[in-house]
Amino acid sequence: MNSQKRATTCPNLNGASHLLRNLFHVSLLLLAACTPAGPYRTALPKPPPECPFSTSKSYQTECQTSRHEHTNDYDLLFVEFDDQGLLYPTMSQGTLSQWPQQINEVMDLLDELVKPYKENISFYLFVHGWRHNASSEDDDVQGFREALQAAALAEQASQVPHRVIGIYVAWRGLSATMEPFRALSFWERKATALYVAQGSVRGLLTRLKGLQRGINCQPPSQCIRGEPVSGTRPKARFILIGHSFGGLILFNALSEGFIERLTHKPGEPAGRFGDMVILLNPAFEASRYTPLHRIVTDPNRQFRGYQAPILVSITSTADWATGWAFPVGRFLNTLFEDAASPEESTAIKNTVGHVDLYITHKLTKSAQDTPACQGWKDMRTVGASVRLQQMRDNLMAEANNNSHFFGSDPQPILKDHWERNFCGGAVLTHVKYNPNSPIWNIQADESVIANHGDIQGSVLTNFLRQLYKDSYVYPFE
């Protein structure tokens, strides 16, 4: 009997030992698959390194670690947040300082950068999403550089050029480098994005808004309650863009301000946040958007005419991350949650771009450009020697196209189901709700955005640039 007992016991011990070894190996694999939990941008040299735009993503070492990249066309600043949504400690004389100073340093830098350009500034803020970070070789970092380069060219071709300054808001969106851990990190990184949204990023956004107001309200008589009076050309422009979980971060940090903007008393304007906020394939529950949707679609709420939207959310029908992976994860998370209505049941499981009830517009690609855009060319197909002149031609064509759509009315009134063609092939169609509402939730066709990370395509970027220009001509009042 004893030998039988030993015979049956030994395999169990071996099995336990085998299990422990497997767990140890899996732990090593997990550790190997994880990205470092620390900042990529650890230096702030003065003067900043010269980092001219390169399509090859090849940058000198100084540019790879600097929180300030300088070029003749734009400046790019970086602010990084940890997994708790707090700032990383900064380096001081080779050692970590006691207090994080990144936001203070960025604001000081911006004060310096504004002065030489007589305060004609265009601020571009970008919050990246899942699978990205502040690494110099990251696709979103390179894509933002490309966007700033294109914006700078458009400014150089305009009548009143603005200096382009980019602020790249970074967090640990890429936590794993090996599959399947990389794909499975989607839900874990969503939780981190919420920490970031509720953390120090709110202080950064508020201070940037204050900087824009301070520039635009000199002298103070140019503003009412911190906003430029109607017809005043703003000296400082400010656009905010969030992709994926970056869209969650921006929306969560700013949604209260949107509600304030839309519920103020007549004759008492409340502050808008920047000139326009754009969310690309945003990855958050539609239920977060529901209160704003109900306010803006209230039948008693009237809008006097078209005004540039203050919030634009764009989601591709081909985005598997928000269209498939997100609702699968939310289904499991909401098994024991009660929903008061079918609308709420759908909204807690799906992202804002995949709830038909909330869709206001559709974005598609036309087979050919509208005749009003004659002479317009995609800048990616134009040689360097003629780029500036072609951009001037493009701006003229776009102005002609806008006149064709809006007419001469300074505050046009759009009708239900309006359709607007943009130079470059984008076609925007109003689907439902108030046709002059400043809150847009757009469903984009696969031909415009092919997948979750496809945010650099020609049709989309040209559409966004032209739409943003509406904020100069038709500000929200």
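The values are calculated or read from the model by the stated rules, or taken from the named source; none is laboratory data. The structure displayed is predicted, hence computed values, not measured ones. Backbone-built Cβ (ideal geometry, glycine too); neighbour counts: all protein chains shown.
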Search the stretch 457-470 for residues that are farther than 13 Å from Glu146 by Cβ and pair each with any residue that is in a helix (DSSP H, G or I) when their beta-carbon atoms are under 7 Å apart and the residues are at least 6 apart or on different chains. Gln466/Glu398
State yes or no: is Leu363 surrounded by 18 or more Cβ atoms within 10 Å (Cβ to Cβ), in contact with an Asp or Glu (Cβ under 9 Å, 6 or more places away or on another chain) and not in a loop (DSSP other than H, G, I, E, B)? yes
Which listed residue is at pLDDT 85 or above, closer than 24 Å to Gly457 by Cβ and out of contact with any strand residue (DSSP E or B) (no Cβ under 8 Å at 6 or more places or on another chain), from Phe245, Phe251: Phe245
Can we say Ile442 is aliphatic (A, V, I, L, M) and assigned to a loop (DSSP other than H, G, I, E, B)? no
Determine which member of the set Glu337, Glu344 is charged (D, E, K, R), surrounded by fewer than 16 Cβ atoms within 10 Å (Cβ to Cβ) and either closer than 26 Å to His264 by Cβ or in contact with a Ser or Thr (Cβ under 8 Å, 6 or more places away or on another chain) (or both). Glu344
Of all residues in the stretch 375-399, how many are outside any helix (DSSP H, G or I) and in contact (Cβ under 8 Å) with a residue 24 or more places away in the chain? 2
The conditions are (1) over 25 Å from Trp171 (Cβ atoms); (2) surrounded by fewer than 20 Cβ atoms within 10 Å (Cβ to Cβ); (3) under 20 Å from the mean Cα position of the chain (by Cα), and Lys115 fails exactly one of them. Which is it? (3)
